[in-house]
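Participant: Dropping the structure in here first, questions after.
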Amino acid sequence: MQKIYYDILEIDQHSYVIGATKKGLAFVGSRDGSIDEIKQFYDCQLFHDHQQVAVYAKQLEEYLTGKRQTFNVDTDISGTSFQKDVWQALEKIPYGAVTNYTEIAQAIGRPKASRAVGSAIGKNPLLMVIPCHRVLTKGGQLGGYRGGVAMKKSLLDLERK
């Protein structure tokens, strides 16, 4: 069972659960999500530890207040090779830009896998850090988002300022 250290970032009347291992950032939760959200991704023991996640919380706060456009943190996440390919493609989407599921599927060399791309995006444990909010439907609609459509819209609005 994995040990995950967590803290809750409070900013602009919203809270975000942040989880890390000794190796790096492992989880960023949805806006106003509960600590139980981590358990959807990890079989873990949770330990509240502000110090262990402080560097990650600082960068997340800077992003959410418009002072940071990219993250520079070690991460400790696991997934299938397909999921990792999708997540790496998401990290290449520039701040303020958007793409769609089909374009991500093409970018990873799997042009017919747009539904599987959507599934891999839904399993992204690092909201905002791996910017899955920048992926829209082919028709330009917001589509689904683990953090909810309102959170996705507010992140896109933040990046358009």
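The values are calculated or read from the model by the stated rules, or taken from the named source; none is laboratory data. Note that the structure is a prediction, hence the values are computed from the model and not measured. Every residue, glycine among them, receives a Cβ derived from its backbone with ideal geometry; neighbour counts consider all protein chains shown. For the accessible areas, the whole protein counts, side chains as well, though only heavy atoms, and no ligand, DNA or RNA atoms are used. Shrake-Rupley method; radii C 1.70, N 1.55, O 1.52, S 1.80 Å.
Participant: Take the residues in the stretch 1-29 that are loosely packed, with under 14 Cβ neighbours inside 10 Å and acidic (Asp, Glu), then tell me which one is nearest to the chain's Cα centre (by Cα).
Facilitator: So the residue we want is Glu10.
Participant: List pairs: first residue in the stretch 70-82 and over 13 Å from Phe41 (Cα atoms), second residue open to solvent by 70 Å² or more (accessible area, probe 1.4 Å) and assigned to a loop (DSSP other than H, G, I, E, B) anywhere in the structure, Cβ distance under 8 angstrom, at least six positions apart or on different chains.
Facilitator: If the second residue must be open to solvent by 70 Å² or more (accessible area, probe 1.4 Å) and assigned to a loop (DSSP other than H, G, I, E, B), the pairs left are Asp74/Lys23; Phe82/Arg110.
Participant: Can you name every residue in the stretch 1-57 that is under 17 Å from Phe71 (Cβ atoms) and β-branched (Val, Ile, Thr)?
Facilitator: Hits for the stretch 1-57 are Ile11, Val17, Ile18, Thr21, Val28, Val53, Val55.
Participant: Check off (1) surrounded by 15 or more Cβ atoms within 10 Å (Cβ to Cβ); (2) modelled with pLDDT under 95 for Gly139 and give me the number that stays unchecked.
Facilitator: That leaves (1) as the condition not met.
Participant: In addition: Working only within the stretch 35-56, note down all residues that are farther than 19 Å from Arg146 by Cβ and part of a helix (DSSP H, G or I).
Facilitator: Of everything in the stretch 35-56, those that are farther than 19 Å from Arg146 by Cβ and part of a helix (DSSP H, G or I) turn out to be His50, Gln51, Gln52, Val53, Ala54, Val55.
Participant: Consider the stretch 97-107. How many of its residues are assigned to a loop (DSSP other than H, G, I, E, B) and open to solvent by less than 40 Å² (accessible area, probe 1.4 Å)?
Facilitator: Here is the first cut: in the stretch 97-107, the ones assigned to a loop (DSSP other than H, G, I, E, B) are 97-98.
With open to solvent by less than 40 Å² (accessible area, probe 1.4 Å) added as a condition, the list becomes 97.
Qualifying residue count for the region: 1.
Participant: Among the listed residues Ile130, Ile77, which satisfies the condition of being of a type in the set (A, V, I, L, M, F, W, C), surrounded by 16 or more Cβ atoms within 10 Å (Cβ to Cβ), in contact with an Asp or Glu (Cβ under 7 Å, 6 or more places away or on another chain) and part of a loop (DSSP other than H, G, I, E, B)? Give the derivation first.
Facilitator: Working: Ile77 fails: in contact with an Asp or Glu (Cβ under 7 Å, 6 or more places away or on another chain).
Sole residue among the options that is of a type in the set (A, V, I, L, M, F, W, C), surrounded by 16 or more Cβ atoms within 10 Å (Cβ to Cβ), in contact with an Asp or Glu (Cβ under 7 Å, 6 or more places away or on another chain) and part of a loop (DSSP other than H, G, I, E, B): Ile130.
Participant: Additional query: Pairs needed: first member in the stretch 119-136, closer than 15 Å to Glu37 by Cβ; second member anywhere, acidic (Asp, Glu) and open to solvent by less than 10 Å² (accessible area, probe 1.4 Å); C-beta distance under 6 Å; at least 6 residues apart or different chains.
Facilitator: Listed pairs, sorted by first residue: none to list.
Participant: Name, by its number, the condition in (1) open to solvent by 70 Å² or more (accessible area, probe 1.4 Å); (2) out of contact with any Ser or Thr (no Cβ under 9 Å at 6 or more places or on another chain); (3) part of a loop (DSSP other than H, G, I, E, B); (4) within 25 Å of Ser154 (Cα to Cα) that does not hold for Asp32.
Facilitator: Of the numbered conditions (1) open to solvent by 70 Å² or more (accessible area, probe 1.4 Å); (2) out of contact with any Ser or Thr (no Cβ under 9 Å at 6 or more places or on another chain); (3) part of a loop (DSSP other than H, G, I, E, B); (4) within 25 Å of Ser154 (Cα to Cα), the odd one out for Asp32 is (2).
The rows are residues; the columns are (1) touching a Pro at 6+ places or on another chain (Cβ under 7 Å); (2) surrounded by 18 or more Cβ atoms within 10 Å (Cβ to Cβ); (3) at pLDDT below 95.
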{"site": "Gln59", "(1), (2), (3)": "no, yes, no"}
{"site": "Lys84", "(1), (2), (3)": "no, no, no"}
{"site": "Gly109", "(1), (2), (3)": "no, no, no"}
{"site": "Arg115", "(1), (2), (3)": "no, no, yes"}
